[in-house]
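What follows is a set of notes on a single structure, which appears directly below.
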Amino acid sequence: MLGKGVVGGGGGTKAPKPSFVSYVRPEEIHTNEKEVTEKEVTLHLLPGEQLLCEASTVLKCVQEDSCQRGIYGRLVCTDFKISFLGDDESALDNDETQFKNKVVGENDITLHCVDQIYGVFDEKKKTLFGQLKKYPETLIIHCKDLRVFHFCLRYTKEEEVKRTDRKNHAVMFDTLQDWCWELERTKGNMKYKAVSVNEGYKVCERLPAYFVVPTPLPEEDVPRFQGHGIPIWCWSCHNGCALLKMSALPKEQDDGILQIQKNFLDGIYKIIHRPPYEIVKTEDLSSNFLSLQEIQTAYSKFKQLFLIDNSTEFWDTDIKWFSLLESSSWLDIIRRCLKKAIEIIECLEAQNMNILLLEENASDLCCLVSSLVQVMMDPHCRTRFGFQSLVQKEWIMGGHCFLDRCNHLRQSDKEEVPVFLLFLDCVWQLVHQHPPAFEFTETYLTVLSDSLYIPIFSTFFFNSPHQKDTNMGRESQDTQGKPLNLLTVWDWSVQFEPKAQTLLKNPLYVEKPKLDKGQRKGTHLKHQRQLSLPLTQSKSSPKRGFFREETDHLIKNLLGKRISKLINSSEELQDNFREFYDSWHSKPPSYHGLLLPHIEGPEVKVWAQRYLRWIPEAQILGGGRVATMSKLLEMLEEVQSLQEKIEERHHSQEALQAEATSLLRNSARLSSLFPFALLQRHSSKPVLPTSGWKALEDEEDLAKREDEFVDLGDV
């Protein structure tokens with residue numbers, strides 16, 4: 001355009017438009033009677049860079065007078081740059097470029113370098129922004145470094161445009177965009193907003209740099225009490241209700257300060273209790289739920305059952321094992337956690353109420369309960385990447401004190417307080433009872449619990465994001481001036497080979513069926529199981545505004561005062577819970593909607609794979625759930641093989657699943673605690689009641705007679 005006037009004859013006449021139209025796609029053209037083999041061009045990603053979308057058969061154009069030539073390839077977009085990967089880079093330039101940038105290539109455009117994007121529709125150039133109803137014929141990108149790129153999309157089919165869903169990556173929630181994406185995913189962006197008021201940890205070192213609060217909340221209120229007394233968003237339900245958490249205000253003796261706190265909470269409660277927000281129910285976890293001391297004491301007793309020095313000790317304690325298990329109260333604590341989560345779900349799902357979780361710092365029991373609620377209500381959290389994102393959001397960014405609770409530095413003589421391990425144990429109960437609802441396996445949960453104590457990972461090593469950022473970026477004399485560099489636990493390739501990683505994925509997971517475009521239009525995003533209960537219908541308030549009585553309850557909870565009764569009577573809560581719980585379990589489970597566990601006595605079990613894996617006497621050769629899973633996988637592999645023959649095509653994903661089944665093919669020799677106890681030495685003693693060992697005969701003689709019939713009636 002610059003330096004060129006008109007093209008063609010005299011005067012101001014324009015060059016005639018070419019009338020030839022090709023109806024042959026580029027890949028259908030053959031050169032020298034040989035098919036052109038497409039070269040694989042690798043996309044080089046920086047550490048942490050993620051692919052967002054890509055399009056195939058894109059022509060990168062080079063303008064030369066009135067002619068147009070170029071090369072075909074893929075146009076990809078990451079969260080860092082736009083890149084064009086040509087099928088044959090030598091088509092335009094045969095000379096090797098001597099001066100190359102290792103970060104940004106010749107065909108790379110960083111997102112910050114994009115100045116303007118245009119699209120050509122019917123030979124008309126338009127600026128592109130927002131959602132597009134159709135793809136342009138040509139994409140023109142103007143860069144801030146004055147480069148101009150032309151990409152022809154005429155030959156690109158719609159099915160060749162692939163969008164990488166964020167669910168395929170663990171969201172770290174260390175940027176404002178991550179929180180905005182989560183708000184959009186849960187449809188909570190109409191009532192809540194992501195804020196950056198704590199960027200650089202200027203307000204509070206306990207809170208993350210970014211978090212979500214109600215939209216009407218003034219950002220200047222957040223620093224008033226260093227983030228205390230501020231309702232922080234956790235998750236939004238399909239009906240618009242939300243799960244919130246709040247850390248209690250510091251206890252004060254001065255009446256003047258107490259009045260200031262009371263007025264502050266009055267204003268906060270007005271914000272979260274008026275339309276469009278639903279009625280709010282407060283759950284004070286500090287006074288009406290478990291204590292950290294209870295968790296610590298119970299686990300200390302519980303773990304002693306599995307710290308067996310030798311085989312003799314195992315058989316000596318075998319006769320009283322169940323009474324010792326009951327006296328530890330660990331399973332009862334798991335049951336109480338599951339029940340509390342179901343109670344909150346009943347309020348969210350059946351009563352259409354917002355739930356505000358209260359705790360001193362909102363970093364222990366709040367993390368536990370809010371995470372369990374989301375696992376039960378949100379199918380996304382039951383996928384592997386969704387679960388990892390949940391842990392990042394509620395535990396890592398939620399400020400759970402992993403360093404102190406796990407006692408990594410052993411700065412005190414006290415036992416650890418395994419709140420996160422308690423959460424994993426609760427999730428295991430759900431995985432054990434509803435296996436097809438989870439994309440990950442119990443092996444995944446076991447290795448995740450092991451990763452708590454591997455100090456090369458930063459994920460579970462710090463008390464807060466501020467502590468992590470401070471220590472990871474600070475130079476240390478012990479490391480010769482280099483900053484501390486730790487890995488993230490979510491990169492499983494650090495710990496396991498690809499073949500071993502297949503054991504982390506559940507081959508029986510039932511994926512949510514994808515709806516056609518016609519079906520999507522009339523579909524409203526709700527749980528597939530909707531409950532309509534007489535006693536648990538939505539309770540409308542006589543006034544949807546500010547209640548003095550409700551505010552007094554909230555203030556007493558936040559200020560650490562004990563209250564004589566809850567907002568609702570315990571009898572009414574118990575009736576609502578029982579009817580909600582029984583009604584759900586009376587119907588077939590929906591693996592893509594609400595998921596509730598059985599919490600009756602025998603239904604809450606010991607996580608055998610984690611706690612019994614190092615005890616040879618507790619293993620069953622060729623038995624247990626591993627044998628059942630092996631048979632199911634063999635049937636699954638046979639069905640897949642038949643489908644391949646019928647459809648006459650092969651899927652790489654099915655090949656991966658077939659590889660996973662080969663690990664379990666010889667189920668007759670595998671331990672019930674596979675894969676951890678595969679090479680363990682197995683005890684030759686039969687598992688019999690130990691009360692009659694001496695009455696039967698000597699232990700050595702009994703071991704020799706393990707295949708003989710023993711009449712237990714004489715014992």
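The values are calculated or read from the model by the stated rules, or taken from the named source; none is laboratory data. Just so it is clear, the structure is predicted and the values come from calculations on it, not from any experiment. Heads up, the Cβs are rebuilt from the backbone with ideal geometry, glycines too, and the neighbour counts pull from every protein chain shown. Side chains are part of the model used for accessible areas, which takes the heavy atoms of the whole protein and leaves out ligands, DNA and RNA. Shrake-Rupley method; radii C 1.70, N 1.55, O 1.52, S 1.80 Å.
Across the stretch 343-353, coupling constants 3J(HN,Hα) worked out from phi with the 6.51/-1.76/1.60 Karplus curve, θ = phi - 60°, read 4, 5, 4, 4, 5, 5, 7, 8, 9, 6, 10 Hz, and Gly and Pro carry x.
One Cα centroid belongs to the stretch 97-132, the other to the stretch 365-392; the line between them spans 38 Å. Figure note: LEU670, LEU52 ranked by solvent-accessible area, largest first, 1.4 Å probe, ligands and nucleic acids not counted: LEU52, LEU670. Per-residue Karplus couplings for the stretch 202-208, computed as 6.51 cos²θ - 1.76 cosθ + 1.60 with θ equal to phi - 60°, are listed in order as 6, 8, 8, 6, 7, 8, x Hz, Gly and Pro entered as x.
Near the amide H of LEU357, within less than 5 Å, lie the amide hydrogens of LEU244, LYS245, MET246, GLU283, all on another chain or at least 5 residues away, with H placed in the peptide plane. Rounded to the nearest whole Hz, the Karplus-based 3J(HN,Hα) values (6.51 cos²θ - 1.76 cosθ + 1.60, θ = phi - 60°) of the stretch 439-456 follow the sequence 6, 9, 10, 5, 5, 4, 5, 5, 5, 5, 5, 5, 5, 4, 10, 9, x, 7, with x at glycine and proline. Of LYS124, LYS281, the order by accessible heavy-atom surface (1.4 Å probe, DNA, RNA and ligands excluded), from most exposed downward, is LYS124, LYS281. Cross-linked pairs LYS124/LYS187; LYS157/LYS505; LYS81/LYS134; LYS499/LYS631; LYS281/LYS505; LYS393/LYS414: Cα-Cα separations exceed 26 Å for LYS124/LYS187; LYS157/LYS505; LYS281/LYS505; LYS393/LYS414. Near CYS237, the amide H atoms lying under 5 Å from its own belong to ALA242, LEU243; only residues 5 or more places off or on other chains count, and H is placed 1.01 Å from N. Put simply, when 620-631, 428-439, 110-121 are sorted by average Cβ atoms within 10 angstrom per residue, most first, you get 428-439, 620-631, 110-121.
The amide H of PHE676, built 1.01 Å from its N in the peptide plane, has no neighbour under 5 Å, considering only residues 5 or more places off or on other chains.
In the stretch 372-478, the portion of solvent-accessible area held by carbon and sulfur atoms comes to 47 percent [1.4 Å probe, whole percent, DNA, RNA and ligands not counted].
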